[in-house]
Amino acid sequence: MTEAKLERHRWSGDSGQALIETAVTVSLFTLLLLGVAEFGRLAFAAIEVSNAASAGARYAAQSGAAADTTGIVNAAANDASNLAGLTTTSSYSCICSDGSSSTCSNSDCSTSHIEETVTVNTQVSFDPLVHVPGLPKTFTLKGQAVEKCLH
């Protein structure tokens, strides 16, 4: 090649194309990784909220105290200690093992035993690090667990 052709080839305009393609690719890849990380945080928080409800219900079932709302709330909070703002509510109902109704009083079931059912609901507001236009600024994550206990 002659020197004139070599010089024209060097300055033909393709020299910055690879740099621009790299910049666009790295930017898109970074956004993709950020989205995956945020989705992972959201999934982890959802699992924590669900597990907290299960921990509260297990506490009620194992202790035999479905009416112990303070203990249930503490068990749920201890299980999800890294979630700020966790809200826990619980309720319970009773039925006699023979199928008749019960008010949870020991005298309700004369020929059978009382079965308590406790329901624990947990909820937390999740605030993502990156706010995407068109998506909510916060997500409400909920968990629920139901356990049956013998009285």
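Some points to look at:
- Degrees separating the helix 69-79 axis from the principal Cα axis of the chain, which is the longest one: 30
- Reciprocal mean inverse distance between Cα atoms of the stretch 3-150 - Kirkwood radius, Å: 19.5
- Farthest positive-ward along the chain dipole, Cα basis, beta-carbon charges - from Ser112, Ser81, Ala65: Ser81
- With R₀ fixed at 25 Å, the C-beta to C-beta distance from Ser93 to Thr140 puts the FRET efficiency at about 0.45.
- Other residues with beta-carbon under 10 Å from the beta-carbon of Glu116 carry, at +1 per Lys or Arg and -1 per Asp or Glu, a net charge of -1.
- Net length gained if the chain between Leu19 and Glu38 were fully extended (0.36 nm per residue, minus Cα distance): 4.0 nm
- Net charge over other residues, Cβ less than 15 angstrom from the Cβ of Tyr59 (K, R count +1; D, E count -1): -2
- Ascending count of other beta-carbon atoms within 10 Å, so fewest first, for Phe44, Phe29: Phe29, Phe44
- Neighbourhood net charge (13 Å Cβ-Cβ; Lys/Arg +1, Asp/Glu -1) for Ser101: -3
Values in this text are rule-based calculations from the coordinates and carry no lab data. Note that this is a predicted model, so its numbers are computed, not measured. Here the Cβ is made from the backbone with ideal geometry for all residues, glycine too, and neighbour counts use every protein chain on show.
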